[in-house]
Amino acid sequence: MLTSFFVYFCLWNFSVVAQTGNETGPIPYRLQTPLLDTAWTNNFSTHPWPEHPRPLLRRESWQTLNGIWTYQPSSGGDDLATPPSLPLSQEILIPSCVESALSGIMSSGVMHMWFATSFAAPDGRNESERVILHFEAVDYETTVLLNGKRIGFNRGGFFRFSIDITENLKPDGPNDLQVSHVLVFVFDPTDDAAYHIPVGKQTRDPSHIFYTPCSGIWQTVWLETVPATFITSMDIAAGMDGTVSGTIYSSQNSSQPVNIAILGQSGKVLATYDGFSDQLFNFTATSPKLWSPDSPNLYDIVVSMGLDVVSSYTGFRTISSGIVKGVQRPLLNGKFVFQFGTLDQGYWPDGIYLPPSLEAMLFDLKLLKSLGMNMVRKHIKVEPDLFYQACDQLGLLVIQDMPSMPVGGSPSPSDQAEFERQLEIMVNEHKSYPSIVTWVIYNEGWGQITQPYHPEKQIAERIRKLDPTRLINAVTGWHDHGAGDFHDSHHYAEPQCGTPFYSRPGVPYDPSRIGFQGEFGGVGHVPELKNLWPVQKAVSSIPDTYELNEDLDAYNYRSHQLLDHLRDQVARFACSGAVWTQTTDVEGEVNGLVTYDRRVMRVKATQWKEDIQALYDAAEGRI
């Protein structure tokens with residue numbers, strides 16, 4: 001347990017702030033010059049990410065707190081006892097990673113830091129309504145106090161938390177008397193040796209395949225006005241047979257009448273259901289159009305519970321596994337669909353963990369779709385919800401990794417329990433997105449206990465109980481002890497997919513499970529200096545790339561060879577899907593389809609489309 005690592009969050013009385021404030025004022029916000037920019041760097045807004053952050057649970061009444069806050073570094077956890085006067089010393093853009101140029105700070109090595117902002121209570125609410133404060137993600141632990149009273153706590157750098165702040169808002173009054181002032185303290189250890197937390201690829205010492213960390217409030221912060229009794233979350237799954245099932249959860253944790261309406265694409269009601277919250281529902285929609293990568297049909301949903309009305313959506317599809325002509329296969333809507341896409345790490349040279357805008361985020365996904373890929377593996381990172389909505393809309397299957405603990409560490413029992421708790425949060429928060437087809441527990445043994453008792457076996461079964469609608473990849477890479485639905489090989493650069501000829505002790509061939517190539521390819525090409533991450537340690541690690549090609553013609557020829565070898569394995573063996581490394585370059589890795597700045601496309605689109613289609617054709621020949 002991290003006793004000193006949390007976000008200290010206070011709503012301070014305006015009169016107190018006025019007496020103790022910094023008379024000189026903060027240093028104004030200024031976009032820092034990134035080491036490498038993108039086409040979106042200089043087009044960003046100081047009111048970033050205006051989109052509603054939760055597409056699966058939307059209300060009309062909400063207010064973003066994104067924008068210019070204030071910031072200053074802290075000397076350590078002891079500063080929590082004596083919070084600084086306001087305003088803080090420097091302006092910062094929220095959401096952002098403090099290490100990023102977009103933040104306006106671009107600092108590294110700061111483990112303790114303060115953030116502050118202010119807001120007025122939402123207008124027009126009545127006495128019975130509640131005001132909820134939402135954080136979509138803060139890295140890492142969060143304790144919330146309002147007017148000096150601690151009212152909430154959260155642990156985990158990738159997941160949301162919400163707090164009812166109604167009783168602690170400033171009372172109605174004229175002008176500044178209604179303003180609430182927010183103070184936030186963050187301590188972020190990243191991969192410090194004293195901690196074993198879900199951290200993914202972040203490291204305080206970036207090199208080769210581990211990258212710049214992201215500290216602070218890196219996803220949207222917002223307010224929402226809700227009725228006294230309101231919907232807190234919804235689990236909704238829609239199957240290929242038209243069955244709609246799940247649970248609507250109420251703030252009272254008690255049975256409340258609910259109405260669920262599924263709207264057709266013309267806006268007419270396709271199906272409706274009257275039932276109760278906090279208990280499983282099940283009903284059927286007649287002849288829905290199914291969701292798939294080729295036809296990503298989505299249906300709007302309206303859920304009413306008393307005075308509360310929320311909007312959502314779903315896609316009708318069924319994920320399963322089954323034997324097709326003697327081979328265990330992943331099935332989408334009862335049919336074997338070969339899955340092919342990229343390892344997608346979600347890093348940006350200007351924003352680190354968060355791109356400058358939704359438009360920038362969509363660029364990567366649209367690139368994959370334009371080449372004919374039908375899948376993306378979200379690699380040991382959890383994205384903002386808008387990412388998964390985009391995959392739903394574009395028709396991209398998502399293999400979702402759990403962010404790993406640091407590589408090479410030995411997690412304690414409490415570390416392991418915390419990892420499993422956060423894994424369950426990831427599943428529960430994302431299991432209503434139609435595009436997500438597989439949960440990945442461990443990547444290449446990072447943070448995995450590899451000696452008996454092999455915890456991935458019981459973890460996989462627990463995740464299956466939480467979400468029986470998806471497949472589970474317990475270990476992608478190696479240290480496979482037979483858990484989950486896949487036997488999954490990583491091999492560079494050549495694929496070794498679903499074939500007994502490449503069976504190894506760490507990844508044994510297992511025809512009772514789905515054969516999958518979790519990573520391969522990784523061939524690289526050194527771009528011009530202007531497209532390269534200009535950090536000496538990163539540049540020095542470039543020779544560690546699995547293969548480097550002299551020019552783009554050689555890169556594309558070698559890629560064609562590898563894709564053709566994969567095609568042969570699909571045609572001959574039990575290969576059901578593969579993940580190409582990777583979507584973009586990342587810092588010292590130069591093996592992306594596109595450079596880190598997204599300015600140079602390595603791939604010859606026509607060739608790649610033909611090679612990818614050949615994979616699907618080979619799989620079709622096995623049906």
Could you run the Karplus curve 6.51 cos²θ - 1.76 cosθ + 1.60 with θ = phi - 60° over region 548-564 and give me ³J(HN,Hα) per residue in whole Hz, x for Gly and Pro?
10, 9, 5, 8, 6, 4, 5, 4, 6, 5, 5, 4, 4, 4, 5, 5, 6
Alpha-carbon Rg with Dmax, taken over region 250-358, Å
19.1, 54
Counting sequence-distant residues (5 or more places) and residues on other chains, those with an amide H built under 5 Å from that of G577 are Q339, Q517
Using DSSP, restrict attention to beta bridges with both residues in region 280-370 and report what percent are antiparallel, rounded to the nearest 5.
95 percent
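In deg cm²/dmol, rounded to 500, what helix-only [θ] at 222 nm does the chain give when every DSSP H run of at least 4 residues adds -39500 (n - 2.57) and the total is split over its residues?
On the way: 8 runs with 101 residues, N = 623.
Rounded to the nearest 500, the figure is -5000 deg cm²/dmol.
Over the Cα atoms of region 339-620, what is the Rg over Rh ratio if Rh follows Kirkwood? Mind showing how you got there, number by number?
Details: Rg = 18.2 Å, Rh = 19.2 Å.
Ratio value, two decimals: 0.95.
So what is the relative contact order of region 38-194, in percent, for Cα pairs below 8 Å that sit 6 or more residues apart?
In percent, rounded to a whole number, it is 21.
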Extension gain from S512 to N297, taking 0.36 nm per residue of separation minus the Cα-Cα distance:
74.2 nm
Counting sequence-distant residues (5 or more places) and residues on other chains, those with an amide H built under 5 Å from that of R329 are G322, I323, V324
From the phi of every residue in region 527-544, what ³J(HN,Hα) in whole Hz does the Karplus formula 6.51 cos²θ - 1.76 cosθ + 1.60 yield, where θ is phi - 60° and glycine or proline is x?
x, 4, 4, 5, 10, 10, 5, x, 10, 4, 5, 5, 4, 5, 8, 4, x, 6
To check you understand DSSP bridge types, tell me what percent of the beta bridges within the chain (both residues inside) are antiparallel, rounded to 5.
70 percent
Going by how many other beta carbons lie within 10 Å of each one, how would you line up V590, V603, fewest first?
V603, V590
Quick check: pseudo-label points 7 Å beyond the Cα along Cα→Cβ at R572 and S540, how many nm apart are they?
4.3 nm
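Sum up the charges of everything whose Cβ sits under 9 Å from the Cβ of V427, counting Lys and Arg as +1 and Asp and Glu as -1, but leave V427 out. Each step should come with its number before you reach the end.
On the way: positive: K431, R470; negative: E424, E429, D467.
Local charge sum for V427: -1.
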Lys and Arg at +1, Asp and Glu at -1: neighbours of R464 with Cβ under 10 Å from its Cβ sum to 0
Cα centroids of region 337-408 and region 554-577: how far apart, whole angstrom?
22 Å
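Take C497, C575 and order them by how many other Cβ atoms sit within 10 Å, fewest up front. Write down the numbers at each step before the final one.
Numbers: C497 25, C575 28.
Lowest to highest Cβ neighbour count: C497, C575.
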Cα gyration tensor, the chain - rounded (a/c under 1.5), prolate or oblate:
oblate
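Relative contact order (percent) for the chain, with alpha-carbon contacts under 8 angstrom and 6 or more residues of separation? Kindly include the intermediate steps, with their values, before the conclusion.
Numbers: 1513 pairs, mean separation 80.7, N = 623.
Computed over the chain, the figure is 13 percent.
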Please give the net charge around G588, taking every other residue with its beta carbon less than 15 angstrom from that of G588, where Lys and Arg add +1 and Asp and Glu add -1.
-4
Quick check: Cα centre of region 429-451 to Cα centre of region 98-124, how many Å?
30 Å
Residues F185, F153, F340, F44 in order from fewest to most other beta-carbon atoms within 10 Å are F153, F44, F185, F340
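Going by the alpha-carbon gyration tensor, a ≥ b ≥ c the square roots of its eigenvalues, is region 210-313 rounded (a/c under 1.5) or, if a/c is not under 1.5, prolate (a/b greater than b/c) versus oblate?
Details: a/c = 2.09, a/b = 1.18, b/c = 1.77.
Note, shape of region 210-313 comes out oblate.
Considering only DSSP states other than H, G, I, E and B, which GluC sites (Glu not before Pro) in region 511-559 qualify as loop sites with at most 10 other Cβ atoms within 10 Å?
Numbers: sites: E519, E528, E547, E550; in loops: E528, E550.
Within region 511-559, the qualifying GluC sites (Glu not before Pro) (loop, at most 10 other Cβ atoms within 10 Å) are E528, E550.
Read the figures in this text as sums done on the coordinates, not as results from a lab. Only a predicted model underlies this, so the values are computations on that prediction, with no experimental measurement involved. A quick note on method: Cβ atoms are made from the backbone with ideal geometry, for glycine too, and the neighbour counts reach across all protein chains shown.
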